[in-house]
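Structure first, commentary second.
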Amino acid sequence: GEDEAMFVEYRKQLKLLLDRLAQVSPELLLASVRRVFSSTLQNWQTTRFMEAEVAIRLLYMLAEALPVSHGAHFSGDVSKASALQDMMRTLVTSGVSSYQHTSVTLEFFETVVRYEKFFTVEPQHIPCVLMAFLDHRGLWHPSAKVQSRTAYLFSRFVKSLNKQMNPFIEDILNRIQDLLELSPPENGYQSLLSSDNQLFIYETAGVLIVNSEYPAERKQALMRILLTPLMEKFKILLEKLMLAQDEERQASLADCLNHAVGFASRTSKAFSNKQTVKQCGCSEVYLDCLQTFLPALSCPLQKDVLRSGVRTFLHRMIICLEEEVLPFIPSASEHMLKDCEAKDLQEFIPLINQITAKFKIQVSPFLQQMFMPLLHAIFEVLLRPAEENDQSAALEKQMLRRSYFAFLQTVTGSGMSEVIANQGAENVEQVLVPVIQGAVEYPDPIAQKTCFIILSKLVELWGGKDGPVGFADFVYKHIVPACFLAPLKQTFDLADAQTVLALSECAVTLKTIHLKRGPECVQYLQQEYLPSLQVAPEIIQEFCQALQQPDAKVFKNYLKVFFQRAKP
């Protein structure tokens, strides 16, 4: 409790002293630590726990007190490298990992992971450290605190030494089998590790299989052995959830289903892209997982939890399977758009953005089809009445508006503006009017910036003589006024950094309109629009000259001054 917190704080102060001593005399520090460490570990069986712990802790702290680049403690300075090597050898061969106190056990594992490069110099010690991780000293330790930390450290140890792991892979996978059990809320059965810690174990298993030197068929077989129990349990639990009456039971079943998806997702972290998945022959296994998990989206119970898990899995599969995921996206999207709240949409839109940015023209038919249903779902949530002083509802709507604008920015920025144009003139206006409102009406500079980026992109694409019918009118009727009305608002604070970025995009929009519409734009500003704002003729003249400057930066700087003067 509090005592421990104070002790940790006190240790931090002592560490500062230690680091200063290292700067004054690194040799003295190394010799002193080596003396304390060696004498303590010689007799660790009869030493008090705090002395054993501090001896290992000092070795651990040397890494920061005597820093090297990329953890290369065992090369370079020979005397330092051999002293550290000697201490590490003592640490792993002395048997101190069996000390019956959690603080000593934890310190042991922290230190072997910090100095993982030692095991590339003396790989003969890897088996005994793996055994420590894989028995009652580590992952099977009676203390939940030790189990939890060891799960994370084990994952780091395996990742950093994956080249040396090959001889031990199958043995490790057999030994961690019981830790991979998905524990459903039946018969009070509790899995050995918490689900958060199991994530590390699944990731480690994935890393071991993918980085092994086995042929692709063997890798595929091992990945199947790892993931099939999850798929089988998932199907059974989903059926049970559909029949569950009690809300508490529904929630615990949904959690368990979510964990299953999360574990499968985590095994895929060993892959960096589709190429590596294909090389390992694992595409089929993950496609099977997708087919197993997607039915959860049509479950009417515990929608939030289930959707969240499947959405995360889809994000990963877009990276791992690329276009092989595309056939699953339309029906998944359809289910995720049913009866959704602001938060659901907020989390769904990044998935669509990822697909749009990655596959561009390949997903054009899908985007065409789901564009208006997505917009209707967004507008339906935004137009729902809320209590005037309901802060959380207001914030949810603000975040959803931002997500909507981010979606349009992705569509226009990925060369997919045709998707908007093909929705028909009436719908196009329905799409763009909220962008104008976002630029002008809401005091949210992040959203305003995005809105101006969308508007300038659309002007660039459609603002010429051959643009869609009626778009030139839209430019003069809506976009030009937005570029003035937004910065003239009292809430548009030119001392705020985000607002300055929004103004910068507003300047880009005006420059793009001038570029696309030429003298006609200058004439409109000079003779119609700026006089309607009661701007003095000499300032109108000045403004139009700045707009026509070839250097965009000159105009951006001028615009800031223009609005500072124009504000009352």
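The values are calculated or read from the model by the stated rules, or taken from the named source; none is laboratory data. Predicted model only: the values in this text are computed from it and were never measured. Here the Cβ positions follow ideal geometry from the backbone for every residue, glycine too, while neighbour counts run over all protein chains shown. Side chains included, ligands, DNA and RNA excluded: accessible areas come from the protein's heavy atoms. Shrake-Rupley method; radii C 1.70, N 1.55, O 1.52, S 1.80 Å.
Would a scan of segment 230-239 turn up a residue that is open to solvent by 10 Å² or more (accessible area, probe 1.4 Å), in contact with a Cys (Cβ under 9 Å, 6 or more places away or on another chain) and over 25 Å from residue 295 (Cα atoms)? No, every residue in segment 230-239 fails to be open to solvent by 10 Å² or more (accessible area, probe 1.4 Å), in contact with a Cys (Cβ under 9 Å, 6 or more places away or on another chain) and over 25 Å from residue 295 (Cα atoms). Those helices (runs of 4 or more DSSP H) of segment 78-121 in which at least 1 residues are closer than 15 Å to residue 58 by Cα, considering only elements entirely within it, cover 78-93, 102-114.
Counting only helices (runs of 4 or more DSSP H) wholly contained in segment 358-430, the ones carrying 3 or more residues that are open to solvent by 20 Å² or more (accessible area, probe 1.4 Å) occupy 364-382, 391-413.
Does segment 208-221 contain any residue that is of a type outside the set (Ser, Thr, Tyr), open to solvent by less than 20 Å² (accessible area, probe 1.4 Å) and within 30 Å of residue 300 (Cα to Cα)? If you could, list the steps in order and put the result at the bottom.
Of all residues in segment 208-221, those of a type outside the set (Ser, Thr, Tyr) come to 208-211, 213, 215-221.
Cutting the leftovers down to open to solvent by less than 20 Å² (accessible area, probe 1.4 Å) gives us 208-210.
Then keep just the ones that are within 30 Å of residue 300 (Cα to Cα); that gives none.
There is no residue in segment 208-221 that is of a type outside the set (Ser, Thr, Tyr), open to solvent by less than 20 Å² (accessible area, probe 1.4 Å) and within 30 Å of residue 300 (Cα to Cα).
Scanning for something open to solvent by 10 Å² or more (accessible area, probe 1.4 Å) and under 26 Å from residue 348 (Cα atoms), does segment 457-477 turn up at least one residue? Yes, there is a match, as at least one residue in segment 457-477 is open to solvent by 10 Å² or more (accessible area, probe 1.4 Å) and under 26 Å from residue 348 (Cα atoms).
Residues checked against (1) over 27 Å from the mean Cα position of the chain (by Cα); (2) hydroxyl-bearing (Ser, Thr, Tyr):
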{"site": "230", "(1), (2)": "no, no"}
{"site": "244", "(1), (2)": "yes, no"}
{"site": "267", "(1), (2)": "no, yes"}
{"site": "270", "(1), (2)": "no, no"}
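Annotation note: of 179, 130, the sole residue that is part of a helix (DSSP H, G or I) and either open to solvent by 80 Å² or more (accessible area, probe 1.4 Å) or modelled with pLDDT of 95 or more (or both) is 130.
Restricting attention to segment 436-454, does a residue exist that is aromatic (Phe, Trp, Tyr) and surrounded by fewer than 20 Cβ atoms within 10 Å (Cβ to Cβ)?
Looking through segment 436-454, at least one residue is aromatic (Phe, Trp, Tyr) and surrounded by fewer than 20 Cβ atoms within 10 Å (Cβ to Cβ).
One residue stands out in segment 1-51 among those that are of a type in the set (Ser, Thr, Tyr) and open to solvent by 50 Å² or more (accessible area, probe 1.4 Å): the one that is nearest to residue 65 (Cα to Cα), namely 10.
Residue by residue, here is whether (1) of a type in the set (S, T, N, Q); (2) within 35 Å of the chain's Cα centre (by Cα); (3) more than 18 Å from residue 435 (Cβ to Cβ) holds:
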position	(1), (2), (3)
454	no, yes, no
463	no, no, no
485	no, no, no
496	no, yes, yes
512	yes, yes, no
525	no, no, yes
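Looking only at residues of segment 75-85 that are open to solvent by 50 Å² or more (accessible area, probe 1.4 Å) and not polar (S, T, N, Q), we find that the one that is farthest from the chain's Cα centre (by Cα) is 78.
Taking the conditions (1) farther than 18 Å from residue 277 by Cα; (2) surrounded by fewer than 20 Cβ atoms within 10 Å (Cβ to Cβ) in turn, residue 201 satisfies each one other than (2). Of the residues in segment 299-311, at least one is in contact (Cβ under 8 Å) with a residue 40 or more places away in the chain and closer than 24 Å to residue 361 by Cα.
Within segment 133-157, the set of residues being surrounded by fewer than 20 Cβ atoms within 10 Å (Cβ to Cβ) and part of a loop (DSSP other than H, G, I, E, B) comprises 135, 136, 137, 140, 141, 142, 143.
The helices (runs of 4 or more DSSP H) found entirely in segment 484-567 that carry 2 or more residues being open to solvent by 30 Å² or more (accessible area, probe 1.4 Å) and touching a residue at least 40 places away in the same chain (Cβ under 8 Å) are 497-517, 552-566. Suppose we filter segment 332-346 for residues that are open to solvent by 60 Å² or more (accessible area, probe 1.4 Å) and in a helix (DSSP H, G or I); how many remain? Selection size over segment 332-346: 2. Residues being open to solvent by 10 Å² or more (accessible area, probe 1.4 Å) and under 19 Å from residue 204 (Cα atoms): count how many of those fall in segment 97-119. Qualifying residue count, segment 97-119: 4.
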